[in-house]
1. In this structure, does A:Leu99 turn out to be of a type in the set (A, V, I, L, M), out of contact with any strand residue (DSSP E or B) (no Cβ under 6 Å at 6 or more places or on another chain), farther than 30 Å from B:Thr82 by Cα and at pLDDT 70 or above?
2. Does B:Ala202 count as away from chain A (no Cβ under 11 Å) and more than 19 Å from the chain's Cα centre (by Cα)?
3. Within the stretch B:171-199, track down each residue that is more than 11 Å from chain A (Cβ to nearest Cβ) and either under 27 Å from B:Ile145 (Cα atoms) or among the aliphatic types (A, V, I, L, M) (or both).
4. Hey, can you tell me all the residues within the stretch B:40-62 that are of a type in the set (Ser, Thr, Tyr) and either facing chain A (nearest Cβ under 10 Å) or surrounded by fewer than 18 Cβ atoms within 10 Å (Cβ to Cβ) (or both)?
5. Can you pull out the residues in the stretch B:33-79 that are without any contact (Cβ under 8 Å) to a residue 24 or more places away in the chain and among the aliphatic types (A, V, I, L, M)?
6. I'd like the full set of residues that are surrounded by fewer than 24 Cβ atoms within 10 Å (Cβ to Cβ) and not acidic (Asp, Glu), limited to the stretch B:176-186.
7. Please go through the stretch A:45-58 and give me each residue that is in a helix (DSSP H, G or I) and either out of contact with any helix residue (DSSP H, G or I) (no Cβ under 7 Å at 6 or more places or on another chain) or among the aliphatic types (A, V, I, L, M) (or both), ordered by number.
8. Output the residues belonging to the stretch A:1-40 that are outside any loop (DSSP other than H, G, I, E, B), more than 10 Å from chain B (Cβ to nearest Cβ) and among the hydrophobic types (A, V, I, L, M, F, W, C).
Amino acid sequence: MATACNEFEQDLVLYHYGELSGDSRDQLASHLRACPACASYLKELAALLPLTVNTDEPGQEFWQNYSREMRHKLADLQEKKSWWQAVQTALRPWTLPALAGTAVIALAITLNISNKTTTDVPSADPALMEVLPMAENLELFNNMDVLENIEVLEVMEGSANEAA
Amino acid sequence: MAFALQGCALALDGAFEQCMETAPDKPRDETLVVLAQKGDSKAFEELVERYKQKAFRIAFDFSRDRDEAKDLSQEAFLRAYTHLKNFDGRSGFYTWFYRILVNICLDYRRKTKRTSVEEFNEAIESQVEPSHPAAHSVSPDQQAIAAQMSRHVDAALDALPPRQRMAFVLKNHQGLSIREIAEMMETAEGTVKVHLHRAVTALRVRLAEFA
């Protein structure tokens, strides 16, 4: 295996590929005339490097399949893209505040209606009108925390009797 | 947009077929890119037809496997299509596209990392048949030599670090200029020269017996 002069080794590779120009090229060319080691290094590159090319030349069928597959993949991609674009369009900056505003209005209307339904009392039935205040009082009683403690109630009752 | 639109009148709604009717000579890449950016998939398919073989060869040089090369090159086209809106026309379409392809191939190498000398030695000692034996061999002896050579070359290329390998295959196999390679690999020309030199030196050592 030939050994090139260290300072010219990289240039020899570039020279082989025709990538050396100007002064560098001239300098190397004159060096090559005087240096058998660099000259045989260059010959070695010329013999070896083409051997590394291993081409694969698929037939027409392969390329037809390739194009068909690409068309399908592109169509799939476009489908996904258009779906995503639709989502993005729906999420434009003005749509969110608009949606939020609509939701607030809907909530307000719903609350208003439900309040009305709980406070509206049928007034046509007199029997019901009689029972209702009592039921409301009972409800009030039930809500009084003091009744939850029977001892307190008994004490209150005792003191009331004494007073009488 | 900085494109010089030539080759056909640009009909953004009419798309690719209309363009081909008005300009039977092939529309320029830039024209097709603009049409594709506007959602014309036919225009992009034309770009695929233009560059599929070159893209496949680069991917094959990197993977040495037909199916892998097909997948890698197709992935590059799909990624290009997805990011087409980001293409600003400062470089040619093919440079921009090959940059995507190069990155995909480098990622592929990193994922299937096989760069050590030990792996190189294992590979050349293995009896696995090469994926693509030389097509032009005539005698069994020549076929055997070609197969052995192919195994050695595959193993030697596999043993190169990914960026060295990329610089080497783009230069040695694809014949691109150092400037083009630097642009595709998004690096300095000097770096490409260093990669190339190191790759050649390593291959020389590993393939010395065939020289």
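1. So A:Leu99 passes the test.
2. yes
3. B:Ala182, B:Met184, B:Met185, B:Ala188
4. B:Ser41
5. Of everything in the stretch B:33-79, those that are without any contact (Cβ under 8 Å) to a residue 24 or more places away in the chain and among the aliphatic types (A, V, I, L, M) turn out to be B:Ala69, B:Leu78.
6. Residues satisfying the conditions are B:Leu176, B:Ser177, B:Ile178, B:Arg179, B:Ala182, B:Met185.
7. A:Leu45, A:Ala46, A:Ala47, A:Leu48, A:Leu49, A:Pro50, A:Leu51
8. A:Phe8, A:Leu28, A:Ala29, A:Leu32, A:Ala34, A:Ala37, A:Cys38, A:Ala39 - these are the residues of the stretch A:1-40 that are outside any loop (DSSP other than H, G, I, E, B), more than 10 Å from chain B (Cβ to nearest Cβ) and among the hydrophobic types (A, V, I, L, M, F, W, C).
The values are calculated or read from the model by the stated rules, or taken from the named source; none is laboratory data. Quick caveat: nothing in here was measured; it's all calculated off a predicted structure. As a convention, Cβ positions derive from the backbone with ideal geometry for all residues, glycine included, and neighbour counts pool all protein chains shown.
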